[in-house]
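Novice: I am attaching a structure below and will ask some questions about it afterwards.
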Amino acid sequence: MELLRPSSVEEASALLGEDTRPLAGGTELVPLVREGIVRAERLVALRGLVPRGVSGTTIGAATTLAELERDDQIPEALREACRLAASPQLRAMSTLGGNLLQATRCWYWRLRFPCFLHGGDECHAREGEHREHAILGNERCASAHPSDPAATLLALGATLRTTQRELPVAELFRLPTEDDRSTTTLAPDELILELDVPPADSSTYLKAMDRKAFAFALVGVAAVRRGADVRVALAGVAPVPWLLGADGLGGATPLPGTAYKVELAEALVARARTAVGAPDSHRPG
Ligand SMILES: Cc1cc2nc3c(=O)[nH]c(=O)nc-3n(C[C@H](O)[C@H](O)[C@H](O)COP(=O)(O)OP(=O)(O)OC[C@H]3O[C@@H](n4cnc5c(N)ncnc54)[C@H](O)[C@@H]3O)c2cc1C
Ligand code: SF4
């Protein structure tokens, strides 16, 4: 294993490829490489290259979750999503860019079962243990996206600047298909540089967990209000962060062990809408 330390983002991008991967805080990538789930012969250190810090509505992708949780320039929902993620030690190392690109926590995937997401034909979670899994978009892969900040940035309508393009956060994520099993649209040699996060009138992030701290979201709900417009997005309910449409959770397709998540999500969505002062949130019934 080699650690490469290029001196510019351009040099870093040029080095990237199948066996050469970008390394930020390493909290996700290093264990995956160590366990042989991700193949890498070289890691490219991004420290000092990718922007770090908050300036107005712009957040550098190398900003850590610990820095974001206490920065009052950013919307409250994002601060809260960062504060509720992982542990203080992990948040001190974890970058926002790395957080968006973290892999599924599905244990079948992490134990290297030859499942659909690994290129196989079958989703082992569907017939197996799936209490933490998805209730939406789960036809092929029933994993639940673990990132609290990703759902929040989706609700906030944030955009990303990469080394190759600008795109809404919504377009960073994709459901895996027969032809392409990846859950992001990022090219192997593309780096996330910055995010633009427009301000909100009011925003919140609520997270249901098995423990009060240091646990992934069973369901996470971000609500963002601008005027009378309210956007709601969820973590822990689909293989990608999920923007709630007009039908709410009407299209949910829970597995036997995840049916409880529909009720949980409905309750959190209602609570989050009330918290941001959604125009219809106090309607009786
Ligand atoms: C025990 C544990 C509990 C956790 N709990 C939570 C939780 O509750 N909620 C939550 O949201 N997250 C949670 N996390 C995830 C954690 O927040 C991520 O591991 C962390 O944010 C990843 O950031 P990093 O800088 O360490 O990324 P790295 O590990 O360095 O990289 C992660 C991935 O992103 C790629 N990458 C990194 N930066 C860039 C970039 N700028 N451009 C392109 N690619 C890049 C890497 O190549 C790699 O594929 C938990 C993690 C652990 C280990
Ligand atoms: S939920 Fe996805 S990652 Fe988990 S076993 Fe099924 S296909 Fe694999």
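Novice: On a full-extension model of 0.36 nm per residue, what is the gain between ALA246 and TRP107, subtracting their alpha-carbon distance, rounded to one decimal in nm?
Specialist: On the way: separation 139, 0.36 × 139 = 50.04 nm, distance 3.24 nm.
Full extension from ALA246 to TRP107 adds 46.8 nm.
Novice: Counting only C-alpha contacts under 8 Å and six or more residues apart, can you give the relative contact order of the chain as a whole percent?
Specialist: Here the relative contact order equals 18 percent.
Novice: Of LEU195, LEU268, LEU100, which is farthest along the charge dipole of the chain in the positive direction, counting Lys and Arg as +1 and Asp and Glu as -1 at C-beta?
Specialist: My answer, from the dipole projection, is LEU268.
Novice: State, to one decimal in nm², a quarter of the convex hull surface area for the C-alpha atoms of region 177-285, i.e. the direction-averaged projected area. Could the numbers behind the result be given before it?
Specialist: Values: hull surface 39.2 nm².
Dividing the Cα hull surface by four gives the mean projection, 9.8 nm².
Novice: Given that compact globular proteins tend to follow 2.2 N^0.38 Å, what is the ratio of the alpha-carbon Rg of region 71-117 to that value?
Specialist: Region 71-117 yields a ratio of 1.50.
Novice: Rg to Rh ratio, region 63-171, alpha-carbon atoms and Kirkwood radius?
Specialist: Reported Rg/Rh, Kirkwood definition of Rh: 1.02.
Novice: Still on this structure, please answer the following. Treat region 10-116 as a sphere of radius equal to its Kirkwood radius over Cα pairs and apply Stokes-Einstein at 20 °C in a medium of 1.002 mPa s; give the translational diffusion coefficient in µm²/s, rounded to a whole number.
Specialist: Rounded to a whole number, D works out at 142 µm²/s.
Novice: Let me ask something else about it. Quick one: Debye curve from the C-alpha atoms of region 192-233, no solvent, what's log10 I(q)/I(0) at q = 0.15, 0.33 Å⁻¹?
Specialist: Ignoring solvent entirely, the Cα scatterers give -0.52, -1.05.
Novice: Also, I was wondering about something else. If you find the alpha carbon centre of region 260-282 and of region 30-81, how far apart are they in angstrom?
Specialist: 29
Novice: Using packing as a proxy for protection, rank 62-70, 38-46 so that the peptide with the highest average count of other Cβ atoms within 10 Å comes first.
Specialist: The packing order, highest mean first, is 62-70, 38-46.
Novice: I've got another one for you. Quick test of the membrane-span-like rule: which DSSP H helices of the chain reach at least 20 Å along their long axis (C-alpha atoms) with mean Kyte hydropathy at least 0.0?
Specialist: 259-275
Novice: Kindly state, as a whole number, the per residue volume in cubic angstrom of the convex hull around the alpha carbon atoms of region 243-285.
Specialist: Expressed per residue, the convex hull around the Cα atoms of region 243-285 is 87 Å³.
Novice: Also, quick follow-up: Starting from a Cα-only point model with no solvent, please compute log10 I(q)/I(0) by Debye for region 168-207 at q = 0.15, 0.26, 0.28, 0.32 1/Å.
Specialist: Calculated log10 I(q)/I(0) at the listed q: -0.58, -0.99, -1.04, -1.14.
Novice: Also, I was wondering about something else. For the chain, which whole-number percentage of the solvent-accessible area (1.4 Å probe, protein heavy atoms only) is attributable to carbon and sulfur atoms?
Specialist: The C+S portion of the solvent-accessible surface of the chain is 50 percent.
Novice: Right, something else. Using all C-alpha to C-alpha distances in region 215-266, build P(r) with 10 Å bins and read off the rounded percent in each one.
Specialist: 22, 56, 19, 3
Novice: What is the extension gain from THR58 to ALA259, computed as 0.36 nm multiplied by their sequence separation minus the C-alpha to C-alpha distance, in nm to one decimal? Could you put the intermediate results ahead of the total?
Specialist: Details: separation 201, 0.36 × 201 = 72.36 nm, distance 3.83 nm.
Additional length available on full extension: 68.5 nm.
Novice: Please compute the volume of the convex hull spanned by the alpha-carbon atoms of the chain and report it per residue in Å³. Write down the numbers at each step before the final one.
Specialist: Details: hull volume 36.1 nm³, N = 285.
Cα convex hull per residue, to the nearest whole number: 127 Å³.
The values are calculated or read from the model by the stated rules, or taken from the named source; none is laboratory data. Predicted model only: the values in this text are computed from it and were never measured. Cβ sites come from the backbone with ideal geometry, for glycine too, and all protein chains shown count toward neighbours. Protein only, heavy atoms only, side chains kept; ligands, DNA and RNA dropped before computing areas. Shrake-Rupley method; radii C 1.70, N 1.55, O 1.52, S 1.80 Å.
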